[in-house]
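To start, the structure itself, in structure tokens.
Please treat every number below as a calculation from the coordinates, not as lab data. Please read these numbers as outputs of a predicted model, since none were measured by experiment. Note: ideal-geometry Cβ built from the backbone for every residue, glycine included; neighbour counts use all protein chains shown.
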2 protein chains.
Amino acid sequence: MFEKVTLIGIGLIGSSLAHVMKREELAKSVAISTRSEKTLKRAEELGLGDLYVLDTEEAVKDADLVIVCTPVGACEHIAKTIAPHLKTGAIITDVGSVKGSVVAQMQPHLPERVHLVPGHPIAGTEYSGPDAGFASLFENRWCILTPDQKTDEAATAKLKLFWQKCGSHVEIMDAHHHDLVLAITSHLPHLIAYNIVGTANELETDTRSEVIKFSASGFRDFTRIAASDPTMWRDVFIHNKEAVLEILGRFSEDLSSLQRAIRRGDGDHLFDLFSRTREIRRSIIEIGQDVDAPNFGRDEGEE
Amino acid sequence: MFEKVTLIGIGLIGSSLAHVMKREELAKSVAISTRSEKTLKRAEELGLGDLYVLDTEEAVKDADLVIVCTPVGACEHIAKTIAPHLKTGAIITDVGSVKGSVVAQMQPHLPERVHLVPGHPIAGTEYSGPDAGFASLFENRWCILTPDQKTDEAATAKLKLFWQKCGSHVEIMDAHHHDLVLAITSHLPHLIAYNIVGTANELETDTRSEVIKFSASGFRDFTRIAASDPTMWRDVFIHNKEAVLEILGRFSEDLSSLQRAIRRGDGDHLFDLFSRTREIRRSIIEIGQDVDAPNFGRDEGEE
């Protein structure tokens with residue numbers, strides 16, 4: 001599909017892309033660039049690409065597709081750095097969980113002769129780094145692209161095909177709308193998970209070890225999400241501040257109302273809510289966005 | 001182990017107990033009693049017990065062990081009903097997620113010639129009803145017993161052995177302390193999950209279907225917990241009000257501080273918290289209370 005693809009950043013998403021590009025033969029040559037020498041060396045040991053370059057300017061030379069796979073906070077610096085060295089007609093994309101900010105950070109610095117098509121694969125695990133990637137990460141998952149009205153349609157179409165070849169279903173969406181939807185489906189859940197695990201972490205040592213011991217009663221589900229990459233998530237919250245605060249406001253209002261119901265012993269209020277929430281789970285399973293096996297099908301007997 | 005065991009209530013926990021008692025031959029005869037005629041019929045179709053009785057008074061006759069497997073709000077009524085019909089020396093236990101309230105509801109009504117030993121198996125799935133049970137539910141999971149100083153030690157020891165034969169590790173704990181620990185590990189996580197799914201449920205129809213579609217980005221983990229049995233959870237919050245409100249207070253304080261950090265763009269505050277929370281996940285995996293497979297090992301390719 002491409003002569004040369006450059007991956008800037010080689011964490012979970014970057015390394016998964018490297019694996020799937022190799023399996024599907026999507027690029028003749030894959031260049032990998034990352035800020036940390038150690039990580040770059042690890043990528044080379046894993047044989048993730050064909051070229052390993054610390055210098056980003058060098059890495060993007062002659063690339064037909066540049067995929068920025070760093071935390072979203074690094075986008076502006078990268079755009080500034082690579083801009084003068086990009087091949088005419090190159091497609092520049094990213095994989096960040098926030099889209100409005102990525103456009104604002106990158107677009108002003110990029111020359112008109114290249115095509116910025118922001119992207120976000122809705123796929124991941126709680127693990128990070130070049131060892132965490134695997135070729136099937138994007139299979140049957142959504143990838144959202146957020147081109148604007150000025151974006152070259154051929155570039156968008158080509159990137160769409162690329163993600164389809166990676167196994168994903170592609171959805172085109174407005175960047176601002178993406179940021180609102182993801183604030184609900186992803187950013188708030190992560191914030192809440194980090195917060196509850198943080199609350200537990202503040203407990204006296206004895207109680208904390210009991211919390212860990214008896215975590216199978218609900219808590220452990222949250223700890224998976226709260227084990228996600230700290231840098232990535234710091235940047236998400238900083239760069240999607242408005243939408244996150246808006247959704248957090250609604251969440252807090254609802255929580256106050258639940259709190260009041262518990263204080264008053266209003267069982268009907270609780271029962272009504274707890275019945276309605278079951279429906280959403282059913283819908284998610286129906287459309288294949290989660291497994292219906294109890295406890296996510298954890299193989300607990302084998303632990 | 002027992003001549004006759006009576007299960008009052010035959011949902012997820014009751015039916016799982018029926019399965020494991022059969023497999024391990026823990027009782028010569030198992031009587032099943034439940035309020036709903038339909039559920040009782042289903043239990044009979046599934047062959048879960050030996051005796052199927054709508055009348056609870058009848059069901060507990062001659063039983064050596066009575067296990068109350070209903071939502072905790074039903075305990076007082078059950079204690080009153082069965083008290084005059086219990087065999088001398090019988091052990092009465094339950095499986096409720098709250099212990100202080102169960103003791104308060106049951107102890108005053110039970111005669112001195114029987115032994116109340118409250119219990120709580122830390123095991124479950126998001127499914128409920130007699131079809132949801134399976135024999136290995138309790139394997140390698142904790143079961144907490146909360147006898148008090150007056151409880152007959154032989155009765156506690158016998159019930160402990162019973163749960164061990166069901167595959168569980170048994171922990172003895174003070175009822176009040178149990179309720180505080182579980183408020184953190186279980187009740188608050190459920191409340192938060194119900195709340196966030198409720199918040200999503202209030203969105204306009206279009207946005208809601210997008211939330212379902214893109215739920216793999218974090219949200220879906222919460223929907224599993226928020227699909228738990230509404231009656232059971234209504235009763236938990238009503239009957240562990242004090243501890244839940246105390247822990248909810250701490251959670252809300254911490255959330256306000258996170259909110260402030262986002263508003264101010266305080267990345268260091270966020271990064272610090274997000275780094276600390278990873279440790280707890282590691283501890284949970286180390287002691288075998290969760291799997292270390294990415295995404296809980298969901299078999300997503302097979303969907």
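A compact table of results
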quantity	calculated
Across the identical copies, how the A:ARG260 labels are spaced - nm, sorted shortest first, 7 Å along Cα→Cβ	2.5
Inter-copy label distances at A:PHE271 (7 Å, Cα→Cβ; nm, one decimal)	5.1
Long-range amide H partners of B:LEU116 with built H, under 5 Å	B:ILE92
Cα-based Kirkwood hydrodynamic radius, region A:98-238, one decimal, Å	17.4
Reciprocal of mean inverse Cα separation for region B:2-173 (Kirkwood radius, Å)	15.5
Inter-centroid distance (Cα atoms) of region A:216-269 relative to region B:18-56, Å	40
Per-residue Cβ neighbour rank within 10 angstrom, fewest leading, A:ARG278, B:ARG263	B:ARG263, A:ARG278
Candidates A:SER36, A:SER128, A:SER186: whichever shows maximal mean-square fluctuation once chain A is modelled as a Gaussian network with Cα springs under 10 Å	A:SER36
Over the protein assembly as shown, volume per residue of the alpha carbon convex hull, in Å³	142
Ratio of Rg to Rh over chain B (Cα coordinates, Kirkwood Rh, two decimals)	1.01
Long pairs among B:LYS160/B:LYS241; A:LYS41/A:LYS165; B:LYS99/B:LYS213; A:LYS213/B:LYS158; B:LYS22/B:LYS213; B:LYS61/B:LYS165, criterion Cα-Cα beyond 31 Å	B:LYS99/B:LYS213; B:LYS22/B:LYS213
Debye-sum result for region A:189-274 in log10 I(q)/I(0), which assumes one identical scatterer on each alpha carbon, at q = 0.17, 0.19, 0.20 Å⁻¹	-0.94, -1.06, -1.10
Residue order, fewest to most beta carbons within 10 Å, for B:LYS87, A:LYS150	A:LYS150, B:LYS87
Pairwise centroid distance, computed over Cα atoms, of region B:90-119 with region A:168-215, Å	37
Rotational relation B to A, axis-closest Cβ in chain B, residue and distance rounded to whole Å	B:PHE296, 2
Global form of region A:1-65, assessed from the alpha-carbon gyration tensor, a/c cut-off 1.5	oblate
Helix-only CD estimate at 222 nm, as mean residue ellipticity for chain A, using -39500 (n - 2.57) per DSSP H run (n ≥ 4)	-14500 deg cm²/dmol
Of B:ILE172, B:LEU145, B:ALA155, farthest towards positive along the dipole that unit charges on Lys, Arg, Asp, Glu beta carbons give region B:128-178	B:ALA155
Whole-number percent relative contact order across chain B, with pairs defined as alpha carbons under 8 Å at least 6 apart	16
Ascending list, in nanometres, of distances separating the A:GLN164 label from those of the other copies (7 Å, Cα toward Cβ)	6.2
For residues of A:235-241, the mean tally of beta carbons on other chains within 10 Å	4
Relative exposure of B:THR34, A:THR151, judged by other C-beta atoms within 10 Å (fewest first)	A:THR151, B:THR34
